[in-house]
Amino acid sequence: ETGVTQSPTHLIKTRGQQVTLRCSSQSGHNTVSWYQQALGQGPQFIFQYYREEENGRGNFPPRFSGLQFPNYSSELNVNALELDDSALYLCASPGTPNTGELFFGEGSRLTVL
Amino acid sequence: AQRVTQPEKLLSVFKGAPVELKCNYSYSGSPELFWYVQYSRQRLQLLLRHISRESIKGFTADLNKGETSFHLKKPFAQEEDSAMYYCALSAYNFNKFYFGSGTKLNVKP
């Protein structure tokens, strides 16, 4: 059990709407990263948060934003949804320090109509 | 630019046959390489990492810097090895991972 929990598991939105996805880690890690996994593709890095500050970002536009809270839970917000935003969104927390191991949540599957 | 390539989307083998899942990468620095696996109805999880030079569930992977490859191998495949396998690359500080598009391994009885 990795202790990384994501919600909601599934949701449907329409183009132009906004969505908030949530992630929590039972171990209370101060680092969390978000990935987008489109159908048939591997996870693609969106950004990472460390101690409530963005600490690295992938090739995603500013309408993808995040928050990390003092209790180390995290949110991914996507504004002005586009059809191509339909994907599985994964949250990950590190395992043993300096090993590179990531513990993933089960993901939130977003469908944009 | 950083890139991880897994040329095979699907690999089907019979139980007991050898398996090799290919992974090639491009990276300007010294990468850390990993294999992640996703079994049916389970979450993505680490299988092995090159820095620990370990064998997990009979799988091994050797980093070949000359060929920029990190192929995953197992001498005798088992049905329970059927899963999606993702090769991944990270910088030394592990703050960003690049994943390949994955190879689905199907081990037939």
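What follows draws every value from the coordinates through simple rules; no lab data is involved. Keep in mind that what you see is a predicted model, and the values were worked out from it rather than measured. FYI the Cβ positions are ideal-geometry reconstructions off the backbone, even for glycines, and counts take in every protein chain you see.
For the reader, a short list of remarks on this structure follows.
- Neighbour-limited loop hits for chymotrypsin sites (Phe, Trp or Tyr not before Pro), region A:52-113 (at most 11 other Cβ within 10 Å; DSSP other than H, G, I, E, B): none
- Charge dipole (Cα centre; +1 on Lys/Arg Cβ, -1 on Asp/Glu Cβ; no other charges) of the protein assembly as shown amounts to roughly 340 debye.
- In order along region B:24-39, the Karplus-derived 3J(HN,Hα) couplings, from 6.51 cos²θ - 1.76 cosθ + 1.60 at θ = phi - 60°, round to 10, 9, 10, 7, 6, x, 9, x, 9, 10, 9, 10, 10, 9, 10, 7 Hz, and Gly and Pro are given as x.
- Shielding score for B:41-49, defined as the mean number of other chain Cβ atoms within 10 Å: 5
- Cα-based Lys proximity count in the protein assembly as shown, under 20 Å, for pairs eight or more positions apart or on separate chains: 25
- Exposed-site-free run, longest, chain A (rule: GluC sites (Glu not before Pro); DSSP loop; at most 15 other C-beta within 10 Å): A:2-51
- When Rg and the Kirkwood Rh are both derived from Cα coordinates, the Rg/Rh ratio for chain B amounts to 0.95.
- Ordering of B:97-104, B:6-13, B:78-85 by packing [mean C-beta count within 10 Å, highest first]: B:97-104, B:78-85, B:6-13
- 10 Å Cβ neighbours from other chains, averaged over peptide A:102-109: 3
- Region B:1-64: C-alpha pair distances exceeding 15 Å, %: 62 percent
- Taking label points 7 Å from Cα along the Cα-to-Cβ direction, B:Glu79 and B:Glu20 give a separation of 2.7 nm.
- Shown is the FRET efficiency for B:Ser30 and A:Arg51, computed with R0 = 25 Å from the Cβ-Cβ distance and rounded to the nearest 0.05: 0.40.
- Centre-to-centre separation between the Cα atoms of region A:63-113 and those of region B:3-26: 27 Å.
- Calculated on alpha-carbon atoms, Rg and Dmax of region A:1-63 in Å: 13.1, 36
- q = 0.08, 0.10, 0.11, 0.16 Å⁻¹, the protein assembly as shown: log10 I(q)/I(0) [Debye, one scatterer per Cα]: -0.29, -0.45, -0.54, -1.10
- Ordering B:Ser52, A:Ile12, A:Gly105 by the projection of their Cα atoms onto the charge dipole of the protein assembly as shown, which places +1 on the Cβ of Lys and Arg and -1 on the Cβ of Asp and Glu, puts A:Ile12 at the extreme positive end.
- For chain A, the mean projected area of the C-alpha convex hull, equal to one quarter of the hull surface, is 6.7 nm².
- Of the trypsin sites (Lys or Arg not before Pro) in region A:1-85, those whose Cβ has at most 15 other Cβ within 10 Å and which sit in DSSP loop: A:Arg15, A:Arg51, A:Arg63
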